[in-house]
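Structure record follows, encoded as structure tokens.
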Amino acid sequence: PTRSFHLFTTPTTKMKLALASFVVATAAAFTPSQAGRVPSSLAMEGLPPADVIDNYTPTITSKLELETALTMIKTTFENSLKKNINLTRVSAPMFLSKTSGFNDNLNGIERPATFAPRDYQDIKLEVPFSLAKWKRWALNYYDVPAGQGIVTDMRGLRCDDDVDYTHSLYVDQFDWEKHIHLEDRNEDYLKETVTSIYAALYETEQEVAKEFGIEAKLPKEITFISSDDALKAHPDLTPKEREDYYTKEHGAVFFMGIGGNKEDGELRHDGRAPDYDDWITERTCGGTGLNGDILVWNPLLQQSFEISSMGIRVNPEVMTKQLDLCDANERKELIWHQMLLDGTLPQTIGGGIGQSRLCQYMLRCAHIGEVQHGWYDPDEVEYLKSKGCDLLGLGEF
């Protein structure tokens, strides 16, 4: 249905779908060796801005030293995060059962990487997009009391994600979730948690700056911006342009209220699945949604840079309303959703913090492939090499 499509689909995804249709329509005009390849004029759209890559010098040129730096950044941040919001590290699954409903649905149209065990072909297992739902179940499984939480070293695949200088098919993030009291479902608790997470980010940059001689850029405090107020103030700007505007001004912002539609049926700011973040509850500032994104201004790329997506999670009442808004009531029959509706799952706040994004920002890298083993367009990889930007490992094959 059209309404559901608008709720689940971001402008970037729409553009990708349009591009895919164009590629299919034009593929017949190529020689057999070209079939399935995007024309080079389109394929190079995943590169960093020209003024960045034309004058680029990596912060660290030794691959072995780079790996040491990546470990240092991830360890420093994780330790600070665990201390600041009271988390314990736990193991994480590499795949989930399709029928469980435990996988994140993202915008609702992405394809999960799916396979069947050799001897159980009727079983479908999915590589997770994120552990947004699994973590809430895990809090119940580990019997984590209110005021404490868990964090995982999550690895996943996103087959339909953009592949460019800030996105890849491979996902690695600190997926965290915290058991909270029912009375903590409010804007103040959300802001308090965001401030604690940002403190870990700020502390990590200070350590990286001392260790590798990089100029620290993050402000001491993060600024809170309502997506509703930003839309009213700048109705002619795209969501990305509004993020750029406020992040450049403040250095680090938390955009509150992500998900849901405007009155004209278009996305208010960006898409969110209806069954984890709460994006309909009214806030005291007049906006709606107890969720948001942590964005920082990237001094190299000269644009806003998302580090984390997070929020207070749905309760049974809110999930029921959001599922209805998204024409997704069939999900109520899934195991995870039944556990939430019957009160088995605790009330939580949680989110994901991109590990590769974090490292790309901290080391001022032009391309995310410099800090992770991903896959990228071979033509772009060759061009990046010519500019002194080498991607990590098999990302160049």
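The values are calculated or read from the model by the stated rules, or taken from the named source; none is laboratory data. Here the structure is a predicted model, which is why all the values come from computation and not from measurement. Cβ: placed from backbone, ideal geometry, glycine included. Neighbour counts: every protein chain shown. Calculation scope for accessible area: heavy atoms of the full protein, side chains included, ligands and nucleic acids excluded. Shrake-Rupley method; radii C 1.70, N 1.55, O 1.52, S 1.80 Å.
To two decimal places, what compactness ratio does the chain give when its Cα radius of gyration is scaled by 2.2 N^0.38 Å? Display every interim value, and only then the final one.
Details: Rg = 20.9 Å, N = 397, 2.2 N^0.38 = 21.4 Å.
Relative to the 2.2 N^0.38 Å estimate, the chain comes out at 0.98.
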Measuring from a point 7 Å past the Cα of Glu333 along Cα-to-C-beta, which residues in region 102-142 have an amide N at less than 16 Å?
102
At 25 °C in a medium of viscosity 0.890 mPa s, region 212-321 has a Stokes-Einstein diffusion coefficient, with Rh taken as the Kirkwood radius over alpha carbon pairs, in µm² per second, of 168
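When ligands, DNA and RNA are left out and all protein chains stay put, how many square angstrom of accessible area per residue does region 246-397 have with a 1.4 Å probe?
Normalised by residue count, the accessible surface of region 246-397 is 33 Å².
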Fully extended contour minus Cα-Cα distance, from Thr71 to Lys321, at 0.36 nm per residue
85.8 nm
Along each of its three principal axes, how wide is the spread of alpha-carbon positions in region 270-364, in whole angstrom units, largest first?
47, 31, 23
Order by protection proxy (mean Cβ within 10 Å, highest first), peptides 226-237, 116-127
226-237, 116-127
Per 0.36 nm of contour for each residue apart, how much would the distance between Lys240 and Ser62 grow if the chain were fully extended, relative to their Cα-Cα spacing?
60.7 nm
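In region 261-397, what percent of the accessible surface is made up of carbon and sulfur (1.4 Å probe, ligands and nucleic acids excluded)?
On region 261-397, the fraction of accessible area on carbon and sulfur atoms equals 51 percent.
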Leaving out ligands, DNA and RNA, and with a 1.4 Å probe, what % of the accessible surface on region 195-255 is carbon or sulfur?
48
For the residue pair Asp119 and Cys159, what label-to-label distance in nm results when each label sits 7 Å from Cα along the Cα-to-beta-carbon direction?
2.6
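Kindly state, to the nearest 0.05, the FRET efficiency for Phe212 paired with Lys385, given R0 = 25 Å and r defined as their beta-carbon distance.
Details: r = 23 Å, r/R0 = 0.93.
Working from the Cβ atoms, E equals 0.60.
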5 angstrom amide H check on Leu334, placed H, neighbours 5+ away:
none
Which residues qualify? For Gln372, with a placed amide H closer than 5 Å and at least 5 residues away or on another chain, they are Leu392
Equivalent-ellipsoid semi-axes (√(5λ), Cα gyration tensor) for region 332-386, whole Å, largest first?
41, 16, 6
Could you tell me the extents of region 184-229's C-alpha atoms along the three principal axes, largest first, rounded to whole Å?
40, 24, 11
³J(HN,Hα) across region 80-96 via Karplus (A = 6.51, B = -1.76, C = 1.60, θ = phi - 60°), whole Hz, x for Gly/Pro?
5, 4, 4, 5, 6, 10, 6, 10, 10, 6, 10, 5, 10, x, 8, 8, 9
Would you mind computing Rg(Cα) / (2.2 N^0.38 Å) for region 77-205, counting N as its residues?
1.18
